[in-house]
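A short worksheet on the structure shown next.
The values are calculated or read from the model by the stated rules, or taken from the named source; none is laboratory data. Treat the numbers as computed from the prediction; the structure is a model and nothing was measured. Please note: Cβ atoms are built from the backbone with ideal geometry, for glycine as well, and neighbour counts cover all protein chains shown. Just the protein is used for accessible areas: all its heavy atoms, side chains included, with ligands, DNA and RNA removed. Shrake-Rupley method; radii C 1.70, N 1.55, O 1.52, S 1.80 Å.
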Amino acid sequence: MTAEYQVNGDVAVITLNNPPVNGLGHATRTAIVSGVMKAIDDPAVKAIVITGAGRAFSGGADIKEFNSPKALAEPTLHTVINVVENASKPVIAAIHSVAMGGGLELALGCHYRVASAGAQIALPEVKLGILPGAGGTQRLPRVVGLEMALNMIVSGTPVASEKLLKTRLFDQLVDGDLNEGALAFARKVAAVRPLPKVRDLKVDYPNYEAFLQFSRNTVKAMAGPFPAPLKCVEAVAASVTMKFDEGLKFERELFLDLVQTPESKALRHAFFAERAAGKIPDVPEGTPMRDIKSVAVIGAGTMGGGIAMNFANAGIPVKILEMKQEALEKGLGTIRKNYENTMKKGKLTQDKFEQRVGLITGTMSYDDIAQADIVIEAVFEDMGVKESVFRKLDEVMKPGAILASNTSTLDVDKIAGFTKRPQDVIGTHFFSPANVMKLLEIVRGAKTGKDVLATTMALSKKIKKTGVVSGVCDGFIGNRMIEQYSRQAGFLLEEGALPEQVDKAVEKFGFAMGPFRMGDLAGNDIGWYIRKRRYVEKPQVTYSKTADLLCEMGRYGQKTGAGWYDYKAGDRKPYPSQLVNDMIIKHSADIGVERRKISDQEIVERLVFALVNEGAQILEEGIAMRASDIDMVYLTGYGFPVFRGGPMFYADSVGLTNVVMAMQKYAKGRHGEAWKPAPLLAKLAAEGKTFN
Ligand code: 3HC
Ligand code: NAI
């Protein structure tokens, strides 16, 4: 049962009941049509109310059905809306909480709409790379006007119901019980004829051509690689330039085209991947959680400060511990300056500024943090330092406190072993800048308690991060994969490419930043430090020494005014460096490699497929729970192009056989050992399957 039918006196009430958000899947659509038919056939019924059970009126078409036969099976949403609009008795939509996409389109097909205050009203299809495909682009402008409809449809941003009260979208805002209000409204309009239909209204906008042209220009400039926003403008334009039925047909054609685009498939993948990442099979919903009301952070450096800000932003008090007064003051000063900058940009009010700064206090005494519900360690990346901190935490922290480490490469199980309470220890790997980046890798140790994991996942949501669970391994999901990407970038320099060519090729593919610009931004010395440690432990791993030579020249990146590129004072723009390029060319000669012309395609394939192969290995080892988790890590932490859906999804769309074939080709070149397909990749390719 996906919609319930009840008769209340002379009003029939159809209640959508398809948890979690009353998505309009095939069964729900069928139930709506049968409910409306039943109500029409019942002479005692004078009006029909459609509402939603649970947490939404409706979140729209069932996205899981897209590209499946069910999406097009009758009754389609078009048919449902037709049945509703042509019903011989008034149909009233009673909206609360959420009316989005097809849900709002259904409401627009009703003769009347009443709503509770605070309901989120949106046509968010553009965020999934499509446009409203069930009349939304034709009906919304008829009730809220051309300009507002265009803004809502192109941005997909929700608007609160009370803000739309002055438009023709709502006939009444109901205070108090929505069902009571809707029933009363239905009785009031039961006898009114003719039944009002949104389709019969006209979009009144005298100088619409100029406005539409302006919109096309602005949207084109902002849409990047996504085709949907401009198509949204074209569809909305049809609401003024075409007759209603022609506009509907035009909208449908654009919708069907967009559903098939790789960009839309990638966005839909990302939507579900984000939600899937929150689910841990052996830690089901309802797992007991610990109460987190206060936080402590150890270390007020680059990461500690940013981590503390996340909690203050969520209204949770934070104490930061440092060993030296000077370091503490410096850290707190940086936090204050960051907030001041946000305030200067007009993104933070004075009140909020004071509130947030006031929530972060400093200390040099462990006694002051002993009662914190969670402590996050962000001290130097050195096992000795981590050991002394965790032994101390074990000694002082109250029983039940969660002990988290922000380590980016060290063994969380070993860290847990420094305590007598390994079940309380977990990794929380934030990304720099920690107050900005969405990704939080949550590292589950061998002994991490399920309640600790569930609590940390919930906390990540509270501080608006995308939490992705990783098992323990060197570099966890993201950095372990990026190591392979960086190795290929280095080899490409030795074989004939220069930093600018590599960066440009990868940026053209869609990455926010190529590896060398990224290195200059983050600091090349960080990787240098890690390589010195890591490659002593793993002498069998080959890598290009160009990055080491660069650091030996003192070129750490933007912070030293020079890195892979030259920089001018006060300017972050990278200028190709003759000195560095000469160093690279000389290095090729020194190691006896004849430089050759390398195509952009080879650059992109070698960097991206290196990620894919390591991702497959990570998946097989169970470090990541699912391929889509790996995609989330790359989309939210590494600037992987959203319109390509993440490395694993991208590999699926290229075809895993093609990926393996390209790898076999590169295996014949230098360092061919890096191109041995991971067993899982080889197996899936052979079986014609995909990761996702
Ligand atoms: N179809 C199928 N499942 C949906 C869905 C939809 N339209 N919208 C949400 N869900 C599912 C989610 O996958 C999630 O499932 P899970 O619990 O199994 O992981 C669950 O509903 C809850 O979602 P959220 O975690 O996002 O819950 P929130 O309360 O934070 O948000 C929401 C609710 C605002 C409805 C949000 O889910 C959302 O923005 N959904 C997408 C809405 C949308 O894009 N609608 C347009 C669909 S396309 C369309 O209608 C085409 C039409 O024009 C023809
Ligand atoms: P940082 O050097 O900027 O800050 C470390 C801070 O810890 C310093 O202020 C130092 O005074 C303090 N400190 C050192 N030992 C201490 C102790 N025993 N007690 C209290 N305070 C102590 O380092 P950063 O970059 O903030 O890194 C911290 C941790 O975060 C490391 O484990 C690092 O690997 C990890 N990390 C760093 C990222 C980055 O981009 N910088 C990204 C993700 C994780």
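Kindly evaluate Gly118 against the criterion of being within 27 Å of Gln260 (Cβ to Cβ), of a type in the set (Gly, Ala, Ser) and away from ligand 2 (no atom under 16 Å from the Cβ). Can you show your working first?
Working: within 27 Å of Gln260 (Cβ to Cβ): no; of a type in the set (Gly, Ala, Ser): yes; away from ligand 2 (no atom under 16 Å from the Cβ): yes.
When the stated conditions are applied, Gly118 does not pass them.
When the residues of the stretch 505-528 are filtered to those that are surrounded by fewer than 18 Cβ atoms within 10 Å (Cβ to Cβ) and in contact (Cβ under 8 Å) with a residue 60 or more places away in the chain, which remaining residue is nearest to Lys597 (Cα to Cα)?
In this case the residue turns out to be Lys508.
For the stretch 565-617, which positions are among the polar types (S, T, N, Q) and open to solvent by 10 Å² or more (accessible area, probe 1.4 Å)?
Scanning the stretch 565-617 gives Gln578, Asn581, Ser599, Gln601, Asn613, Gln617.
Collect the residues in the stretch 308-324 that are free of Cβ contacts under 8 Å to residues at least 60 places away in the same chain and assigned to a helix (DSSP H, G or I), keeping them in residue-number order.
The answer is Ala308, Ala312.
Hey, can you tell me all the residues within the stretch 14-47 that are more than 16 Å from ligand 1 (Cβ to nearest atom), in contact with a helix residue (DSSP H, G or I) (Cβ under 8 Å, 6 or more places away or on another chain) and either open to solvent by less than 20 Å² (accessible area, probe 1.4 Å) or modelled with pLDDT under 95 (or both)?
Ile14, Val36, Val45, Ala47
Yes or no: Ala370 within 10 Å of ligand 2 (Cβ to nearest atom), at pLDDT 95 or above and not charged (D, E, K, R)?
no
Out of the residues in the stretch 379-391 meeting the condition of being touching a Phe, Trp or Tyr at 6+ places or on another chain (Cβ under 6 Å) and not acidic (Asp, Glu), tell me which one is most open to solvent (accessible area, probe 1.4 Å).
Taking the candidates together, the pick is Arg391.
Among Thr542, Thr466, Thr455, Thr546, which is the only one that is in contact with a His (Cβ under 6 Å, 6 or more places away or on another chain) and open to solvent by less than 20 Å² (accessible area, probe 1.4 Å)?
Result: Thr546 is the single residue among Thr542, Thr466, Thr455, Thr546 that is in contact with a His (Cβ under 6 Å, 6 or more places away or on another chain) and open to solvent by less than 20 Å² (accessible area, probe 1.4 Å).
Can you name the number of the only condition in (1) more than 30 Å from Lys450 (Cα to Cα); (2) among the aliphatic types (A, V, I, L, M); (3) surrounded by fewer than 18 Cβ atoms within 10 Å (Cβ to Cβ) that Val236 fails?
(3)
If a residue has to be touching a residue at least 60 places away in the same chain (Cβ under 8 Å) and surrounded by fewer than 18 Cβ atoms within 10 Å (Cβ to Cβ) to count, how many in the stretch 173-188 make the cut? Spell out the reasoning first.
Looking only at the stretch 173-188, we keep the residues that are touching a residue at least 60 places away in the same chain (Cβ under 8 Å), and these are 174, 178-179, 181-183, 185-187.
Now drop any that are not surrounded by fewer than 18 Cβ atoms within 10 Å (Cβ to Cβ), which leaves 179, 187.
Total meeting the criteria: 2.
Only one of Glu246, Glu251 is in contact (Cβ under 8 Å) with a residue 40 or more places away in the chain and closer than 23 Å to Ser215 by Cβ. Can you tell me which?
From the options Glu246, Glu251, the qualifying one is Glu251.
How many residues are within 22 Å of Arg187 (Cα to Cα), surrounded by 24 or more Cβ atoms within 10 Å (Cβ to Cβ) and not aliphatic (A, V, I, L, M) if we restrict to the stretch 56-105?
Selection size over the stretch 56-105: 1.
In the stretch 618-634, which residues are part of a helix (DSSP H, G or I) and either within 23 Å of Gln664 (Cα to Cα) or open to solvent by less than 10 Å² (accessible area, probe 1.4 Å) (or both)? Can you show your working first?
Going residue by residue through the stretch 618-634, those that are part of a helix (DSSP H, G or I) are 618-620, 627-634.
If the condition is that a residue be part of a helix (DSSP H, G or I) and either within 23 Å of Gln664 (Cα to Cα) or open to solvent by less than 10 Å² (accessible area, probe 1.4 Å) (or both), then Ile618, Leu619, Glu620, Ala627, Asp629, Ile630, Asp631, Met632, Val633, Tyr634 are the ones that fit.
Give me the residue from the stretch 106-115 that is touching a Phe, Trp or Tyr at 6+ places or on another chain (Cβ under 9 Å) and either within 16 Å of ligand 2 (Cβ to nearest atom) or among the hydrophobic types (A, V, I, L, M, F, W, C) (or both) and, out of that set, farthest from Val189 (Cα to Cα).
Out of the qualifying residues, it is Leu106.
Out of (1) of a type in the set (Gly, Ala, Ser); (2) more than 15 Å from ligand 1 (Cβ to nearest atom); (3) outside any helix (DSSP H, G or I), what's the single condition that is false for Ala210?
Evaluating Ala210 over (1) of a type in the set (Gly, Ala, Ser); (2) more than 15 Å from ligand 1 (Cβ to nearest atom); (3) outside any helix (DSSP H, G or I) leaves (3) as the failure.
Applying the selection to the stretch 303-337, what residues are open to solvent by 30 Å² or more (accessible area, probe 1.4 Å), within 24 Å of the chain's Cα centre (by Cα) and on the phi < 0 side of the Ramachandran plot?
Correct list: Met303, Asn313, Ala314.
Looking only at the stretch 404-437, how many residues end up being within 14 Å of ligand 2 (Cβ to nearest atom) and either assigned to a helix (DSSP H, G or I) or among the aliphatic types (A, V, I, L, M) (or both)?
Looking only at that region, the number is 8.
Please work out which one of (1) basic (Lys, Arg); (2) crowded, with 17+ Cβ neighbours inside 10 Å; (3) assigned to a loop (DSSP other than H, G, I, E, B) is the condition Arg356 fails and give its number.
(3)
Does any residue of the stretch 54-63 turn out to be assigned to a loop (DSSP other than H, G, I, E, B), more than 16 Å from ligand 2 (Cβ to nearest atom), under 16 Å from Cys110 (Cα atoms) and among the hydrophobic types (A, V, I, L, M, F, W, C)? Give the derivation first.
Filtering the stretch 54-63 for residues assigned to a loop (DSSP other than H, G, I, E, B) gives 54-57, 59-62.
So of that shortlist, the ones also more than 16 Å from ligand 2 (Cβ to nearest atom) come out as 54-57, 59-62.
Of the ones still in play, those that are also under 16 Å from Cys110 (Cα atoms) are 57, 60.
From what's left, among the hydrophobic types (A, V, I, L, M, F, W, C): 57.
Yes, there is a match, as at least one residue in the stretch 54-63 is assigned to a loop (DSSP other than H, G, I, E, B), more than 16 Å from ligand 2 (Cβ to nearest atom), under 16 Å from Cys110 (Cα atoms) and among the hydrophobic types (A, V, I, L, M, F, W, C).
For the stretch 364-416, what are the residues that are among the small types (Gly, Ala, Ser) and either in contact (Cβ under 8 Å) with a residue 12 or more places away in the chain or under 15 Å from Val295 (Cα atoms) (or both)?
Ser365, Ala370, Ala372, Ala378, Gly400, Ala401, Ala404, Ser405, Ser408, Ala416
Can you run down the residue pairs with Cβ atoms below 7 Å, 6 or more apart or on separate chains, where the first is in the stretch 271-300 and within 16 Å of ligand 1 (Cβ to nearest atom) and the partner is at pLDDT below 95 and of a type in the set (Val, Ile, Thr)?
Qualifying pairs under 7 Å: Phe271/Ile63.
Looking only at the stretch 382-412, filter to residues that are charged (D, E, K, R), modelled with pLDDT of 95 or more and over 25 Å from Ala454 (Cβ atoms); which one of those is nearest to the chain's Cα centre (by Cα)?
Top of the filtered list is Glu387.
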